[in-house]
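Notes follow the structure.
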Amino acid sequence: MYQIIKQILKTGIKTETPPQADDSLRVREQEISAEILRVFGRALKIRHVDAGSCNGCELEIHAVNSAYYNIEGLGIGFVASPRHADMLLVTGPVSRHMETALKRTFDATPDPKLVVALGDCGCTGGLFGENYASCGKVSNVIPVDVEVPGCPPPPTAILQGILAAVSKRG
Amino acid sequence: MELHPLPGAAPAWQGEIAPHQLPACCEAVKNRGGRLVSLWGTDRRHLGGGFALHVALSDQPGLVCLSVPLDAANPAYPDISAIFPAANRMQRAAFDLLGIAPAGAADTRQWLRHGSWPQNAHPLRKEFDGGRVHSHDADVYPFVTVTGDGVHEIPVGPVHAGTIEPGHFRFSIIGERVLRLEERLGYKHKGIEKRFESLSLEDGAKLAGRVSGDSTVAYAWAYSMAVEGIAGVTVPPRAAHLRALLLELERLANHLGDLGYLGNDVALSFGFAQFWRLKEDALRASAAAFGHRYLMDLVVPGGVSRDIAPDGAAALLAMADALEPEVRTLKAIYDEHAGVQDRFLTTGRVTPELAARLGLTGLPGRASGQAWDLRAQYPVAPYDQLDVRMATHRGGDVAARVTVRFEEVFESLRLVRRLLDTLPGGELRLLISNVPAGALGIGLVEGWRGEVLVALHSGKDGAIERCHPHDPSWQNWPLLEHAIIGNIVPDFPLINKSFNLSYSGQDL
């Protein structure tokens with residue numbers, strides 16, 4: 001126990017200042033009242049859905065949970081069930097074998113809800129595109145509010161996208 | 001049988017045999033202690049042939065690729081899953097994608113095909129239009145059911161509870177104890193192999209680097225090695241050195257992340273916080289040196305796409321120097337933490353005997369006495385000058401897989417320093433031109449999960465005729481089903497994380 005406490009004290013606080021929302025990432029305006037967005041903005045719960053990615057974007061979603069970015073410190077947390085979620089964070093391309101699962105996850109998420117598509121493949125289909133096995137971008141399957149490009153998008157970009165989805169419209 | 005050496009850095013030979021000779025050849029290799037590395041098929045009908053099955057086996061001198069011509073009208077070959085159990089899912093995938101069938105196989109259920117294309121259509125046949133979308137077929141998969149007093153099932157996935165790739169796990173349990181686990185994968189199948197065939201040899205490296213994004217260096221290197229073999233190009237020493245540096249940085253980052261999650265999964269969130277801080281430091285140093293946190297698109301056919309930044313070496317050395325004592329401190333904390341060791345020890349055990357019989361490979365293999373590491377056994381430049389110390393243990397449990405990771409972190413840090421110390425000058429990339437058509441190139445790289453193989457059949461004018469990327473997860477997923485038997489359900493996430501297998505890499 002002594003060693004653990006010593007290491008924690010030696011490490012100190014690593015969390016950096018969070019980035020601001022990037023409004024240019026928003027692709028859809030939803031009729032969600034400012035009041036709800038205000039509430040979401042203070043306690044947002046996210047369900048991540050990997051709908052067919054190469055697992056690159058997932059590495060950066062993990063990184064967002066590290067002490068440096070401390071997403072929990074912003075009141076944002078990841079939950080295990082879509083029924084507990086306000087937002088789906090979806091990576092792609094959406095494989096056709098995940099199409100049904102993604103739609104069901106979307107349906108299981110209570111309204112009002114937000115969707116952030118992550119990564120070049122989630123935004124455009126990327127290198128995989130659309131084919132016999134791939135539906136391409138996330139918005140081909142479910143409505144998307146914010147798209148965060150990148151291969152993979154770094155943690156700050158992911159945070160900017162998530163914050164854009166819950167920030168008051170300009 | 002006559003074997004001829006395949007040109008290139010990988011120690012590989014090829015030979016052609018008739019279908020009826022296949023089982024005896026496999027038996028002979030198995031009896032010499034060899035293993036099945038990969039299995040794939042090709043469509044040669046447009047070239048005036050039929051189909052072909054290719055089986056890559058690890059034998060004494062290196063990799064032996066057996067090519068088996070198959071009849072165009074009735075493409076069948078004798079089942080080899082009775083000899084190499086790991087062949088089971090590979091054979092089923094080869095049937096789904098190409099329609100070549102293992103005669104006499106006990107398990108002929110679909111594997112990569114769910115409902116996205118009809119049973120009688122095979123995407124890797126040349127006449128199959130990759131752009132055409134078929135209507136969803138009914139997707140019925142007969143799981144093996146366990147019956148008896150008090151037995152019940154827990155279905156999990158494809159959408160899991162954490163930030164993990166999608167797949168389906170069917171647990172049959174009695175009380176808390178797992179009687180049987182059956183995996184169903186293929187949810188991430190996105191047509192990678194078909195996509196390769198629409199790309200040039202040059203562009204293929206980008207796709208290879210996205211077969212499994214966490215192993216982008218390993219795949220891009222294996223792919224480039226295959227191209228260079230066919231083209232007869234030997235990469236410049238500086239490029240080879242930089243590739244090894246990238247590969248060790250990739251191993252380091254992934255192992256640090258896993259060590260954090262393994263702490264987290266036994267309720268030591270301190271471990272997650274500490275290791276993910278260190279991982280972030282490693283990623284930032286990688287970005288400072290090479291411009292990308294995960295080192296994507298740096299390994300390209302002919303060499304590397306960019307040099308290390310002027311202050312890159314200093315950034316990486318500073319990271320390595322800061323990291324090493326911290327990891328030693330954290331290892332001591334993990335080793336001495338009674339709660340952690342109670343969960344790690346004896347959990348998810350794969351005995352060395354079972355590992356050898358079923359073909360466990362890579363990192364989990366080395367934790368179960370399977371002493372294979374390409375960097376040590378078949379070192380390609382610059383590993384031939386590095387004397388890589390292989391980490392092997394016989395415990396076969398979560399604790400052993402954690403120990404292998406720790407030892408490999410320290411070895412990778414040593415290699416990073418040594419590579420930076422001895423980085424030669426010179427060119428970064430040679431031009432690849434005049435690639436002969438109809439040739440087979442093999443790339444073989446020890447990624448952080450295990451051996452990544454890329455088999456490349458060249459087409460005309462720098463086109464890709466066929467490309468098969470193989471992830472070691474093909475071999476290791478079936479062993480996870482064994483590792484969980486007799487353990488309690490809450491230990492599954494821990495055991496699963498201790499293997500950390502790729503979904504995308506095997507779903508293709």
Legend entry - Count of residues meeting criterion [surrounded by 24 or more Cβ atoms within 10 Å (Cβ to Cβ) and over 16 Å from B:Ile192 (Cα atoms)] in the stretch B:459-473: 2
Legend entry - Condition met for B:Ala320 (in contact (Cβ under 8 Å) with a residue 60 or more places away in the chain and either outside the structural domain of B:Ala205 (by TED's automatic domain parsing) or not in a loop (DSSP other than H, G, I, E, B) (or both)): yes
Inset, instruction - Would you point out which residue out of A:Ile36, A:Ile13, A:Ile5 is out of contact with any Asp or Glu (no Cβ under 7 Å at 6 or more places or on another chain), away from chain B (no Cβ under 12 Å), surrounded by fewer than 20 Cβ atoms within 10 Å (Cβ to Cβ) and among the hydrophobic types (A, V, I, L, M, F, W, C)? - result: A:Ile36
Inset, instruction - Those residues that are in contact with a Cys (Cβ under 7 Å, 6 or more places away or on another chain) and crowded, with 24+ Cβ neighbours inside 10 Å, I need them from the stretch A:96-115; list them, please. - result: A:Arg96
Inset, instruction - Could you tell me whether B:Arg349 is in contact with a helix residue (DSSP H, G or I) (Cβ under 8 Å, 6 or more places away or on another chain) and either buried (at least 20 other Cβ atoms within 10 Å of the Cβ) or basic (Lys, Arg) (or both)? - result: yes
Inset, instruction - Look through the stretch B:132-156, keep the residues that are within 12 Å of chain A (Cβ to nearest Cβ) and touching a residue at least 24 places away in the same chain (Cβ under 8 Å), and return whichever of them is farthest from B:Tyr261 (Cα to Cα). - result: B:Asp139
Inset, instruction - Would you be able to say whether some residue in the stretch B:245-262 is within 9 Å of chain A (Cβ to nearest Cβ), polar (S, T, N, Q), out of contact with any His (no Cβ under 9 Å at 6 or more places or on another chain) and closer than 30 Å to B:Glu280 by Cβ? - result: yes
Legend entry - Residues satisfying the stated conditions in the stretch B:466-499, i.e. farther than 30 Å from B:Glu197 by Cβ and assigned to a loop (DSSP other than H, G, I, E, B): B:Ile484, B:Ile485, B:Gly486, B:Asn487
Legend entry - All helices (runs of 4 or more DSSP H) inside the stretch A:92-170 with 2 or more residues being at the interface with chain B (Cβ under 8 Å from one of its Cβ atoms): A:96-108
Legend entry - Options B:Tyr187, B:Tyr223: the member that is within 14 Å of chain A (Cβ to nearest Cβ) and touching a His at 6+ places or on another chain (Cβ under 8 Å): B:Tyr187
Inset, instruction - Filter the stretch B:379-423 down to residues that are in contact (Cβ under 8 Å) with a residue 60 or more places away in the chain and under 27 Å from B:Asp311 (Cα atoms), then give me how many there are. - result: 16
Inset, instruction - Show the residue pairs that are 6+ apart or on different chains and have beta-carbon atoms under 6 Å apart, the first residue being within the stretch A:94-123 and without any contact (Cβ under 8 Å) to a residue 40 or more places away in the chain and closer than 24 Å to A:Ala34 by Cα, the second being of a type outside the set (D, E, K, R) and in a helix (DSSP H, G or I). - result: A:Ala108/A:Pro82; A:Ala117/A:Cys123; A:Ala117/A:Val138
Legend entry - Residue in the stretch A:39-59 that is nearest to the other protein chains (Cβ to nearest Cβ), counting only those that are within 26 Å of A:Pro152 (Cα to Cα) and in a helix (DSSP H, G or I): A:Gly56
Inset, instruction - Go through the stretch A:64-91 residue by residue and tally those that are farther than 19 Å from A:Phe106 by Cα, more than 12 Å from the chain's Cα centre (by Cα) and part of a helix (DSSP H, G or I). - result: 3
Inset, instruction - Determine if the stretch B:159-175 includes at least one residue that is farther than 22 Å from B:Asn500 by Cβ, more than 14 Å from chain A (Cβ to nearest Cβ), outside any helix (DSSP H, G or I) and not β-branched (Val, Ile, Thr). - result: yes
Inset, instruction - Working only within the stretch B:284-330, note down all residues that are away from every other protein chain (no Cβ under 12 Å), closer than 30 Å to B:Gly462 by Cα and in contact with a helix residue (DSSP H, G or I) (Cβ under 8 Å, 6 or more places away or on another chain). - result: B:Phe290, B:Leu298, B:Val299, B:Val300, B:Pro301, B:Gly302, B:Gly303, B:Val304, B:Arg306, B:Asp307, B:Ile308
Inset, instruction - Go through the residues of the stretch A:71-83 one by one and say whether even a single one is more than 7 Å from chain B (Cβ to nearest Cβ), surrounded by 22 or more Cβ atoms within 10 Å (Cβ to Cβ) and in contact with a His (Cβ under 6 Å, 6 or more places away or on another chain). - result: no
Legend entry - A:Asp86, sole failed condition from (1) touching a residue at least 24 places away in the same chain (Cβ under 8 Å); (2) under 22 Å from A:Thr15 (Cα atoms); (3) of a type outside the set (Ser, Thr, Tyr); (4) more than 8 Å from every other protein chain (Cβ to nearest Cβ): (2)
Inset, instruction - Report whether or not B:Leu413 is touching an Asp or Glu at 6+ places or on another chain (Cβ under 7 Å), modelled with pLDDT of 95 or more and either among the basic types (Lys, Arg) or outside any loop (DSSP other than H, G, I, E, B) (or both). - result: yes
Legend entry - Checking B:Ile230 against (1) farther than 21 Å from A:His97 by Cα; (2) in a loop (DSSP other than H, G, I, E, B); (3) in contact (Cβ under 8 Å) with a residue 24 or more places away in the chain, the condition it does not meet: (2)
Legend entry - Filter result for the condition that a residue is of a type in the set (D, E, K, R), under 29 Å from A:Gln7 (Cα atoms), under 23 Å from the mean Cα position of the chain (by Cα) and not in a helix (DSSP H, G or I), over B:Arg293, B:Arg251: B:Arg293
Inset, instruction - Among the residues of the stretch B:190-214, count how many are closer than 16 Å to B:Met225 by Cα, of a type outside the set (A, V, I, L, M) and at the interface with chain A (Cβ under 7 Å from one of its Cβ atoms). - result: 1
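The values are calculated or read from the model by the stated rules, or taken from the named source; none is laboratory data. Just so we're clear, the structure is a prediction, and the values are computed from it rather than from any experiment. Every residue, glycine as well, gets a Cβ built from its backbone with ideal geometry; the counts of neighbours run over all protein chains shown.
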